[in-house]
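Remarks on the structure that follows.
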Amino acid sequence: MESPARPGPPLARLAWLLLRYGRSGELVRKLPEWVALFAQVQAGPEGAEQLKMLIRYLLLVGDEGTQEAAGRVLNSVLGEHRAEELMRSYGEELIERGRQRGLEEGLARGREEGVTRGRAEDILRILAARGVPVGEEARQRILSCTDTATLDRWFDKALNATTLSGVLDVLAQ
């Protein structure tokens, strides 16, 4: 056991140990040895918040075995009900963070798709205004294109186009 040999307050000793072993295969084996340190941190004036911070770190760097071992340590320090509460609240926080990230990525993808769809529709409107006939196959080719650079080239060509091949042949060049 290394915890008693390290000088300093329990939080500092435990944080040092977690940083030292946090990404190693030894962590799962060592966690049960540190129950007394976890209990000392919990008993401190801001123990609940400090314990939450340490558990967050463990859950971020550890694998499933680490999570299970951390859960057992918390059970022995806090009791089963409070340990489940703490783990659940952190789990809910992670879920919310993931939901927000997914939402942001979805919005960004949606904006990108909207821009490319709008550019494709602009090309078709310009061609229609210039009296250039566009068959269904070419229409679908334009509308299904997701490459912005290609759409920009087609758009520029459509501005002065007199034939559809003068616009779409740019892709072959």
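For the reader, a short list of remarks on this structure follows.
- Leading residue by the ranking (modelled with the highest pLDDT) among those in the stretch 22-78 that are within 18 Å of P9 (Cβ to Cβ) and among the charged types (D, E, K, R): E46
- Test: G8 is at pLDDT below 80 and not in a helix (DSSP H, G or I): yes
- Residue count for the stretch 45-61 under the criterion of being surrounded by 12 or more Cβ atoms within 10 Å (Cβ to Cβ) and more than 29 Å from I95 (Cβ to Cβ): the result is 0.
- For the stretch 21-35, residues that are in a helix (DSSP H, G or I) and exposed (fewer than 14 other Cβ atoms within 10 Å of the Cβ) total 3.
The values are calculated or read from the model by the stated rules, or taken from the named source; none is laboratory data. What you see is a predicted model; the values in this text were computed from it and never measured. Methodologically, a virtual Cβ is constructed for each residue, glycine included, from the backbone with ideal geometry; neighbour enumeration extends over all protein chains shown.
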